[in-house]
1. Is there any pair linking a residue in the range 162-188 that is more than 13 Å from Asp229 (Cβ to Cβ) and without any contact (Cβ under 8 Å) to a residue 24 or more places away in the chain to one that is in a helix (DSSP H, G or I) and of a type in the set (Asp, Glu), with Cβ under 8 Å and at least six apart or on different chains, and which?
2. Considering only residues that are closer than 17 Å to Pro70 by Cβ and aliphatic (A, V, I, L, M), look in the range 34-50 and name the one that is surrounded by the fewest Cβ atoms within 10 Å (Cβ to Cβ).
3. Write out, first by first residue and then by second, each pair whose Cβ atoms fall under 7 Å of each other, whose residues are 6+ apart or on separate chains, and whose first residue, in the range 46-70, is more than 20 Å from Leu125 (Cβ to Cβ) and at pLDDT below 90 while the second is of a type in the set (S, T, N, Q) and in a helix (DSSP H, G or I).
4. Criterion first (without any contact (Cβ under 8 Å) to a residue 40 or more places away in the chain and within 21 Å of Leu55 (Cα to Cα)) does Ala94 satisfy it?
5. Among (1) part of a helix (DSSP H, G or I); (2) within 28 Å of Tyr40 (Cα to Cα); (3) not aliphatic (A, V, I, L, M), which single condition is Ser167 missing?
6. Out of Thr201, Thr166, I need the residue that is farther than 30 Å from Pro122 by Cβ, modelled with pLDDT of 95 or more and under 26 Å from the mean Cα position of the chain (by Cα). Which one?
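The values are calculated or read from the model by the stated rules, or taken from the named source; none is laboratory data. If you're wondering where the values come from, they're calculated on a predicted model, not measured in any experiment. We place every Cβ from the backbone using ideal geometry, glycine too, and count neighbours over all the protein chains shown.
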Amino acid sequence: MNKDADADNGYTEKKLRVLIVEDDEVNLLVISRLLEKKGYIVETAVNGQKALSILGNDMFDIVFMDISMPKIDGLALTRKMKRNSHTQNIPVVAMTTFASETFREKFLAEGLNGYLIKPIDPAKLYNIILQLTSTDCDNIDYNGLISRTGGDREFIRDIAIVFCNTSLEAVDEIKKSFDLQIIAELAHKLKGSAETVGATTVVGIAQEIKQATLQGDIEACHKACDDFDKTLNLFKQSLANWGIILHGAEK
């Protein structure tokens, strides 16, 4: 990743911190490598006692928890985390070979936030991180975006760059136009592409413009575009907080 480019575009990529609690060294190595490859900061613990020690001294964005461990199993460790004010809000994902719906319901009832079946599917691993660590829900429909892209970060980055560039062009045309039909068509196209990338605030602007065209109010159409650059920057920063920097998107 080009760090200079990140600094130039003004967006700060958040490096998520992940704790993996797993007593099987092979599984631990596989999951660690999968996450490190995506740029996550990974800490590991081979048992519950070690995990408690690590959690007492550091903060994490998400924890992946093996359920079947000696001495302190994953469920007992999760209960301890949920009773501790320092760790109670950290999402915890179960990793287990128990695949039945009964076990899934039991784990979720114990306070676990997610559930992965071993051997771990990389796509499901990445998806659940995106789902459980997303914070800017007012700016992005994360679940919809994950559903449409399979959680593929490169794919998300590519379509978001195209969206940012084409949406700026569309809004620029709207600002210059005094033809209500053309403005309505541009707003309709903008709304569709914004929905595809989950840019909820942009969807709102497009809807506002479309409503203004129905009322024949060209001034309101233009006014709705006034803060578009700011709105688009919020979308970009939300993606950056998610670990996705948009190289190639216009500022």
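1. Cβ pairs passing all conditions: Ile182/Glu173; Leu186/Glu173.
2. Val46
3. none
4. When the stated conditions are applied, Ala94 passes them.
5. (2)
6. Thr166
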